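FYI, it's all coordinate maths here, none of it is from the lab. Just so it is clear, the structure is predicted and the values come from calculations on it, not from any experiment. Cβ placement follows ideal geometry from the backbone for every residue including glycine, while neighbour counts extend to all protein chains displayed.
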Ligand code: AMP
């Protein structure tokens, strides 16, 4: 495994493989690697001839009062983990290498960063797209992996690649979790023992919300919501199911309010708990069958912000 710190070094290392038509898989990370990262790396390893992992704590995606300075940095164990996972190249640039000059050109995301994390972290996704765009131009991978855990990030990167015609296949890796459902995150190490004890309720709440709406059919079915939200109070007929309303605005608001109460009871200070359309990332006021949605939440346990989501 080679560790390279400059753009020219990683470019020349990949020159030959690229000319020979080899596939190059990129996994961008901010380090402090855990099994979630390793799972993306393993997918890249299984798919591509060469695997590149970038480790860079990108300053442009942190807000002025965010945790840039205290973001965990564990370079030695990261390199060991990459070696064990069969990585070919680690690209580990300095901030100066990535941003030698002030940036004169920035991303302006229309609508898709107005909700979820984009709402409470203004400018965050501009910085994410800026750095991912740079990595895609520098490494020019055939394939790149991003985790579902950061679903808004994933969808924005997929959108950027499509709209900017970047010739790369973007893959989504599933969220890797602890046994109580807590999504692995570099920030989990900030949690105190008692915070860690309740952190699993974030995923449990998402399961409750998605389970209530999708499994039992919140409108006109299930014990809990019988008759709610369907004006004529009739059961949903099988032939209607293809396009039937699973939850109208009233039901959705009640399920979300219950979910928020669960999070608050566990000690979370809620940032958001929302159901958004998968491709537009816009909140919905009713849920219909046959469409793709994201049930997503973010909240604070003490000084640690946790996020998670379920795709339905
Ligand atoms: P980060 O180092 O937090 O910027 O994450 C680097 C990549 O790993 C991103 O694409 C994340 O979405 C992904 N990732 C982070 N946590 C997990 C997880 N628990 N499971 C799968 N992928 C993850």
Discussion item. Taking 10 °C and 1.306 mPa s as the conditions, I'd like the Stokes-Einstein D for the range 1-78 in µm²/s, using the Kirkwood hydrodynamic radius from alpha carbon pairs.
Written reply: 112
Discussion item. I'd like the distance between the alpha-carbon centres of the range 272-312 and the range 94-112, rounded to an integer number of Å.
Written reply: 27
Worksheet entry | Dimensions (Å) - the range 40-86, Cα atoms, principal axes, largest first | 40, 20, 12
Worksheet item: What is the spin-label model distance, in nm, from residue 11 to residue 66 if the labels are put 7 Å beyond Cα along the C-beta direction?
Response: 2.8
Discussion item. With an 8 Å Cα cut-off and a minimum separation of 6 or more residues, compute the relative contact order for the chain in percent.
Written reply: 16
Item to complete: Once you've got the GNM for the chain with C-alpha springs shorter than 10 Å, pick whichever of 298, 113, 13 has the biggest mean-square fluctuation.
Response: 13
Fill in: the chain: angle of helix 201-210 to the longest principal axis, Cα-based, in degrees nearest 10
60
Item to complete: Report, in deg cm²/dmol and to the nearest 500, the calculated mean residue ellipticity at 222 nm for the chain, where each DSSP H run with n ≥ 4 adds -39500 (n - 2.57) and the sum is divided by the residue count.
Response: -10500 deg cm²/dmol
Response to the item:
Under Stokes-Einstein, the range 143-195 at 4 °C and 1.567 mPa s, with its Kirkwood radius over C-alpha pairs, diffuses with a coefficient in µm²/s of 101
Worksheet item: How far, in degrees from 0 to 90, does helix 75-84 lean away from the longest principal axis of the Cα atoms of the chain, to the nearest 10?
Response: 90
Worksheet, complete the sentence: residue 104 and residue 261 label points (each 7 Å along its Cα→Cβ direction) are spaced in nm at 5.7
Worksheet item: For the chain, what is the Kirkwood hydrodynamic radius in Å, using each pair of distinct C-alpha atoms?
Response: 21.0
Discussion item. How much of the DSSP bridge set in the chain is antiparallel, in percent, rounded to the nearest 5?
Written reply: 50
Worksheet item: With r defined as the distance between the Cβ atoms of residue 269 and residue 22 and R0 fixed at 51 Å, what FRET efficiency is calculated, to the nearest 0.05?
Response: 0.60
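Starting from the Kirkwood Rh over alpha-carbon pairs, what translational D in µm² s⁻¹ does the range 1-152 have by Stokes-Einstein at 25 °C and 0.890 mPa s? Before the final figure, lay out each step's value.
Numbers: Rh = 16.2 Å.
My calculation gives 152 µm²/s for D.
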Worksheet, complete the sentence: For the chain, longest principal axis from Cα atoms; helix 124-139 axis from its Cα atoms; angle between them, nearest 10 degrees, is 40
